[in-house]
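Participant: Below you will find the structure I want to go over with you.
The values are calculated or read from the model by the stated rules, or taken from the named source; none is laboratory data. What you see is a predicted model; the values in this text were computed from it and never measured. FYI the Cβ positions are ideal-geometry reconstructions off the backbone, even for glycines, and counts take in every protein chain you see. Heavy atoms of the whole protein, side chains included, go into the accessibility calculation; ligands, DNA and RNA do not. Shrake-Rupley method; radii C 1.70, N 1.55, O 1.52, S 1.80 Å.
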Amino acid sequence: MRCVCCWFYDFYFYFYFYDFYDVCGSCCCMHRNGRCVRRCMLSNIPDDGGSTGPTDPEVHGVSQSVERALRIMPALAKGPAGLGAVAELLGVHKSTALRLLRTLQEHGFVYRQGDGRYRLGAALFALAAESIENLDIRDIAHPHLLELNRVTGHTVHLALHQDDEVVYVDKVDSRYPVRMYSRIGRPVPLTVAAVAKLLIADLPQEERRALARRIEYPAYTARSTPDADAYLRELELVRAQGWATDLGGHEEALNCLAAPIRGPGGRVVAAMSVSAPGVVLSTEGLLELLPLVRESADTIGREYSGSGPAQEEGRP
């Protein structure tokens, strides 16, 4: 509980000096230009956040103020909200919510509208855009490609969708003498390659249909996809099952199994595959690798999205 003096100042300064003073939630004090100029001397009773002084309380090693500030972000992503709504969401007094909002506002992560409600600020969007621009999925995926190659011994690829092309951006060759002819930077055949099917299948329906109608369907082998209708049916199957194969569609003797790498929001941002000649690995043997390939792809996706498993305490 707060002392009587604290509650009085909270009420008084919030309603009469809202735009000039900030009321501290730890014990009643005012801040001008970020510096404390008055503190309640009648008690040092913890507030609703559990603080008994100027330091930020920690619960199990987690900063309570940071945790509260982060909870504000997804709430404002749903639309503007007033001070009272934010305070209710956090389960704190308005003065505590106001302190958090003003700190976020000062750094541009929150913007206060003319009607007094708050929304996400431009700095947050700029930071997200810069982070995505500087994030190279190849750097994240490569160690996992190496590990999958080490475990299976087969050729492993990473592919991205660029305009109307799907391109290999990384490759780890197999350990056996018979190797797959593929090169980093070269487009893969859209109508048969397993990685291409995954990336195209994730496009919105209208984009999928438009692309299927404008591309050609070369007969690489007797198993190649013959036309747009067959291609669209296969893409629907790939979307439903969440993985794809190329069983001799591009080269008679070569089979390939691919899994999607999903980014924030669940969209497919890349695809990875394991390929092997039929004389080395049967179709049944290749399909047995599906759980391993999907696990690797999911791990890359979590690391790319920043939602991977927490690091051990004390480690960077």
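Participant: What spacing in nm lies between the two simple spin-label points modelled at LEU292 and ALA85, each 7 Å away from Cα in the Cβ direction?
Facilitator: Computed distance between label sites LEU292 and ALA85 equals 5.1 nm.
Participant: If you don't mind, another one. Using r as the Cβ-Cβ distance of ASP229 and GLU207, and R0 as 22 Å, what FRET efficiency do you calculate, to the nearest 0.05? Walk me through the intermediate numbers first.
Facilitator: Values: r = 17 Å, r/R0 = 0.77.
Rounded to the nearest 0.05, the efficiency is 0.85.
Participant: Cut-off under 25 Å on the C-alpha distance; same-chain residues fewer than 8 positions from LYS94 excluded. Which lysines are left, in chain and number order?
Facilitator: By straight Cα distance, LYS94 reaches LYS78.
Participant: In nanometres, what is the gap between the two model label sites at ILE184 and SER282, each 7 Å from Cα along Cα-to-Cβ?
Facilitator: Taking the simple label geometry, ILE184 and SER282 are separated by 3.5 nm.
Participant: Calculated FRET efficiency, ILE215 and GLN113, Cβ-Cβ r, R0 41 Å, to nearest 0.05?
Facilitator: So the FRET efficiency works out to roughly 0.30.
Participant: Tell me whether the stretch 88-220 comes out rounded, prolate or oblate; compute the Cα gyration tensor, take square roots of the eigenvalues as a ≥ b ≥ c, and use a/c under 1.5 as the rounded threshold.
Facilitator: Prolate, because a/c is 1.5 or more and a/b exceeds b/c.
Participant: Computing the accessible area with a 1.4 Å probe over protein heavy atoms, can you report the carbon and sulfur percentage for the stretch 139-248? List each step's numbers first, then the result.
Facilitator: Values: 2760 of 5550 Å².
Here it works out to 50 percent.
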